[in-house]
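Here the structure is laid out as structure tokens; the discussion comes afterwards.
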Amino acid sequence: MTPRERLLTALERGKPDRLPVQVHNWMPYYLNNYLDGCDAYHAYARFGMDPVIYVDPIYRISDESKAKWIVDRKDLGLDDGGNHCWTQTITTPEGTLTLSGSYNDITGWETEPLIKSKEDFELFRKYRPVPDSLDFGPVIAAQNRLGDGGITRCCLWGYGQSGPWQSFCYLVGTEQAIYYAFDEPEWVHYVLQSLTDPQLKVIEMMKGMPIDLVETGGGAGSNTVISPAMHKEFCTPYDRQQHDALHSIGIKVVYHLCGGLMHQLDNVLANGADGLETMTPPGMGGDCNLAEASRLVGDKLFLIGGFNQKDGFEFGTPEKARELVFECHAACPNGGYICSPSDHFFFGDLANVQAFADAAKECLY
């Protein structure tokens, strides 16, 4: 099988010739510090994995929308930990919003959420720029470069990650989002539908885009963050709208829960996703029992992830990496599975990553 055939077979919950193997995107930090700054294509080729290229279309915003959402970002210099700090003021016709954050060579994060009141959300809802057209150029270029050598995937446009609940947590902060859900659930439902509606319009624009997979959801829906009951109320109805819309234009969906998921399996089935990631094991802060998840939902969902990159890459040995790949393969004997680190990784000896890729080639169906 070609890498593309192998990956697409897994996405159809079938058995390819052997275990497909990818990474959950290549982080610039790893590419720059371990792989001489090469791109994702060359990184995949170096190790002989099955390339899954993460690429988004260009979202075009009208000048009229930009004029109502004027962003002024200021660099605040370094903090005591050597992190770069910044603050941002967004001016709209009816008021301003503020946001602050920090970043280092590895990643970035927000320290002050954008939305601090219901009034702030109304400014966001009314004036946040929404794409009025899409340029498929980057996706087409990626598909052309890959040919039969792999697949492409993207996230659904949104604030933060793709899921409305995840976006709400980005906007107000996760703890505050949970407080709102208990104290003012009607307002939260209003917010979530307000976040979903423009996404549905963007999905309509995605018709004809040659993408193999779209990611939705987000870690804030994991059962290490909210209960199954909360997920059912505040995630499932809005996730389902997204997934139905994506399916209507022929695009497969992978639902992203990068934390606890064993208690959310029924909710994922209910939201209509085609697959589930990242199958995070306990050693990485999740609760996934990959074999049990495969037994329970493997006939309805393809699965991606499950490999413990901390034990296999960062602190591991080639022998340990091989062992963990074999365990993942044994957990999903019926196929419908792509072996992948259970989320981003930033450290790891090259020999361990090579052993990870090589072991998958020995895992035959």
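The values are calculated or read from the model by the stated rules, or taken from the named source; none is laboratory data. A quick note: this is a predicted structure, and the numbers were derived from the prediction, not measured. Counting neighbours? That spans all protein chains shown, and the Cβs are built from the backbone with ideal geometry, glycine included. With ligands, DNA and RNA removed, areas are computed over all heavy atoms of the protein, side chains included. Shrake-Rupley method; radii C 1.70, N 1.55, O 1.52, S 1.80 Å.
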| said: Of the conditions (1) assigned to a helix (DSSP H, G or I); (2) under 30 Å from PHE356 (Cβ atoms); (3) charged (D, E, K, R), GLU64 satisfies every one except a single condition; which number is it? | reply: (2)
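Scan CYS288, CYS258 and give me the residue that is free of Cβ contacts under 8 Å to residues at least 60 places away in the same chain, under 18 Å from SER342 (Cα atoms) and within 19 Å of the chain's Cα centre (by Cα). Steps first, answer last, please.
Details: CYS258 fails: free of Cβ contacts under 8 Å to residues at least 60 places away in the same chain.
Only one candidate qualifies: CYS288.
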| said: Give me the residue from region 104-122 that is part of a strand (DSSP E or B) and surrounded by 13 or more Cβ atoms within 10 Å (Cβ to Cβ) and, out of that set, farthest from the chain's Cα centre (by Cα). | reply: THR111
| Options TYR180, TYR159, TYR170: the member that is touching a Ser or Thr at 6+ places or on another chain (Cβ under 9 Å) and either of a type in the set (Phe, Trp, Tyr) or open to solvent by less than 50 Å² (accessible area, probe 1.4 Å) (or both) | TYR159
| said: Going residue by residue through region 127-134, is there one that turns out to be open to solvent by 50 Å² or more (accessible area, probe 1.4 Å) and acidic (Asp, Glu)? | reply: yes
| query | Which residue pairs have Cβ atoms closer than 8 Å, lie 6 or more positions apart in sequence or on different chains, and pair a first residue in region 142-157 that is under 17 Å from LEU7 (Cα atoms) and in contact (Cβ under 8 Å) with a residue 60 or more places away in the chain with a second residue that is aromatic (Phe, Trp, Tyr) and crowded, with 22+ Cβ neighbours inside 10 Å? | reply | GLY150/TYR44
| request: Kindly provide the set of residues from region 167-218 that are over 30 Å from GLY149 (Cα atoms) and of a type in the set (A, V, I, L, M), ordered by number. | output: LEU171, VAL172, ALA177, ILE178, ALA181, VAL188, VAL191, LEU192, LEU195, LEU200
| remark: Of the residues in region 344-365, those that are more than 10 Å from PHE313 (Cα to Cα) and either surrounded by 23 or more Cβ atoms within 10 Å (Cβ to Cβ) or among the hydrophobic types (A, V, I, L, M, F, W, C) (or both) come to ALA357, ALA359, ALA360, CYS363, LEU364
| message | Can you list the strands (runs of 3 or more DSSP E) lying wholly within region 129-219 that have 2 or more residues being closer than 30 Å to LYS118 by Cα? | response | 213-217
| task | Return the pairs, sorted by first residue and then second, in which the second residue is part of a loop (DSSP other than H, G, I, E, B) and of a type in the set (Phe, Trp, Tyr), the first residue lies in region 107-120 and is farther than 12 Å from GLY160 by Cβ, the beta carbons are less than 9 Å apart, and the residues are 6+ apart or on different chains. | result | THR107/PHE346
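Go through region 297-325 and count every residue that is under 23 Å from the mean Cα position of the chain (by Cα), surrounded by fewer than 17 Cβ atoms within 10 Å (Cβ to Cβ) and part of a helix (DSSP H, G or I). Show your work before the answer.
Step one: filter region 297-325 for residues under 23 Å from the mean Cα position of the chain (by Cα), giving 297-314, 324-325.
Restricting the remaining residues to those that are surrounded by fewer than 17 Cβ atoms within 10 Å (Cβ to Cβ) gives 299-300, 314.
Right, trim to part of a helix (DSSP H, G or I) and you get 314.
Number of matching residues: 1.
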| message | Report every pair of residues separated by at least 6 positions or lying on different chains whose Cβ atoms are under 9 Å apart, first residue within region 162-178 and more than 17 Å from GLU215 (Cα to Cα), second among the polar types (S, T, N, Q) and modelled with pLDDT of 95 or more. | response | CYS169/GLN176
| note | Taking first residues from region 1-22 that are within 19 Å of ARG46 (Cα to Cα) and second residues anywhere that are charged (D, E, K, R) and crowded, with 18+ Cβ neighbours inside 10 Å, the pairs with Cβ under 6 Å that are 6 or more apart or on different chains are PRO3/ASP50; ARG6/ASP50; LEU7/ASP50; PRO20/ARG6; PRO20/ASP50; VAL21/ASP50; GLN22/ASP50
| For region 68-75, does any single residue satisfy the condition of being open to solvent by less than 40 Å² (accessible area, probe 1.4 Å) and touching a residue at least 40 places away in the same chain (Cβ under 8 Å)? | yes
| message | Return the residues of region 144-156 that are open to solvent by 30 Å² or more (accessible area, probe 1.4 Å) and polar (S, T, N, Q); say none if nothing qualifies. | response | ASN144
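Please determine whether any residue of region 225-241 is within 26 Å of GLY150 (Cα to Cα), modelled with pLDDT of 95 or more and within 15 Å of the chain's Cα centre (by Cα).
no
Identify, please: which residue in region 326-343 is in a helix (DSSP H, G or I) and touching a residue at least 60 places away in the same chain (Cβ under 8 Å) and is, among those, least open to solvent (accessible area, probe 1.4 Å)? Show your work before the answer.
Taking region 326-343 first, the residues in a helix (DSSP H, G or I) are 326-331.
Next cut, touching a residue at least 60 places away in the same chain (Cβ under 8 Å) only: 328-329.
Values: CYS328: 10, HIS329: 35 Å².
That would be CYS328.
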